[in-house]
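No value in this document is a laboratory result; all are computed from the given coordinates. Predicted model only: the values in this text are computed from it and were never measured. For neighbour counting, all protein chains shown are included, and Cβ atoms are generated from backbone atoms with ideal geometry for every residue, glycine included.
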Ligand code: TXD
């Protein structure tokens, strides 16, 4: 069987890390596209030159020509501008909407059968723009945010409880960013929900509240430390988990930004919910019951995404 072809649109910090992980995990060959083709070509060659040491044969090229992504099985989009200190994700709206419009055209023309993962911020709006402009079926276009947000939440919970990250599961939904909704009663240590762990005296509600707040601000904390640019190792790892589930038909249940069609009482826009990712793309949306408080938080998060889409439409970009 021929190797899978993975196209990375954007060869910046996340793009380069994605290519490296694809090589290490032997997921397929890589085409990196960037408006700076030299950067894409340089990173592709550099990573390919680590193959003999690490034992992978992925072929990697960098390009400034969309025709090179022809027939890609998976496309991961990071093209755009990252946040700088003091900037909100929403400040990126105008700048990145134009970029995503071009990317959508390229995918529509050369890789219409691909599974497309958008990472560019503001995530929930950009993935919607990408799906609308490319015309690809909604089940083949998803946004990465929830896997990252829940990974951050899992890490902080594991640190609080002094247990392995492997035994912590977390349930996060809603839009990416400040309005993200972590559901603590569906977050567990080896199946034991966080509220039970509070009752068992493993932690306190105050500490969990602080962890929830730190998770929602997880990206900002890193932006502040880095001083230039935003997180890239964990975002890249998160998108690879999604790509892997599609390519290997693993049917993992992952929180992803997907188009809702009446689920959760919401319609026709992208927001983060748990879904099954398999060979068919988004194969199932998991609809859990909310308490009144959770529903209010989720609806508030959806309102923030919808407002941003309205702002975008008003720009007429
Ligand atoms: O959870 C999440 N979804 C995120 C999102 C977590 C972290 C970062 N997130 C966002 O990903 C971030 O706010 C940015 O919008 C993207 C990409 O982040 P990265 O850190 O990789 O940014 P870089 O290093 O600036 O890389 C962006 C690349 C850079 O090489 C540009 O030259 C290129 O995008 N670029 C383009 N490529 C193709 N086509 C166009 N038009 C273009 N414009 C810029």
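Numbers below:
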quantity: Enumeration of residues in the range 128-158 that are outside any helix (DSSP H, G or I), surrounded by fewer than 24 Cβ atoms within 10 Å (Cβ to Cβ) and within 15 Å of the ligand (Cβ to nearest atom); calculated: none
quantity: Within the range 21-31, considering residues that are crowded, with 22+ Cβ neighbours inside 10 Å and within 16 Å of the ligand (Cβ to nearest atom), the one nearest to the chain's Cα centre (by Cα); calculated: 22
quantity: Residues satisfying the stated conditions in the range 32-47, i.e. within 13 Å of the ligand (Cβ to nearest atom), crowded, with 21+ Cβ neighbours inside 10 Å and more than 15 Å from residue 68 (Cα to Cα); calculated: 43
quantity: Residue in the range 90-108 that is surrounded by the most Cβ atoms within 10 Å (Cβ to Cβ), counting only those that are over 21 Å from residue 36 (Cα atoms) and touching a residue at least 12 places away in the same chain (Cβ under 8 Å); calculated: 93
quantity: Test set (1) closer than 18 Å to residue 130 by Cβ; (2) out of contact with any strand residue (DSSP E or B) (no Cβ under 9 Å at 6 or more places or on another chain); (3) in a loop (DSSP other than H, G, I, E, B) - residue 79 fails condition number; calculated: (2)
quantity: Which listed residue, of 197, 254, 183, is surrounded by 18 or more Cβ atoms within 10 Å (Cβ to Cβ), free of Cβ contacts under 8 Å to residues at least 40 places away in the same chain and in contact with a strand residue (DSSP E or B) (Cβ under 8 Å, 6 or more places away or on another chain); calculated: 197
quantity: Unique match (being away from the ligand (no atom under 11 Å from the Cβ) and closer than 22 Å to residue 112 by Cα) among 58, 67, 50; calculated: 67
quantity: Residue within the range 92-104 that is near the ligand (Cβ under 10 Å from one of its atoms), under 19 Å from residue 18 (Cβ atoms), assigned to a loop (DSSP other than H, G, I, E, B) and in contact with a helix residue (DSSP H, G or I) (Cβ under 6 Å, 6 or more places away or on another chain) present; calculated: no
quantity: Options 218, 177: the member that is within 13 Å of the ligand (Cβ to nearest atom) and surrounded by 22 or more Cβ atoms within 10 Å (Cβ to Cβ); calculated: 177
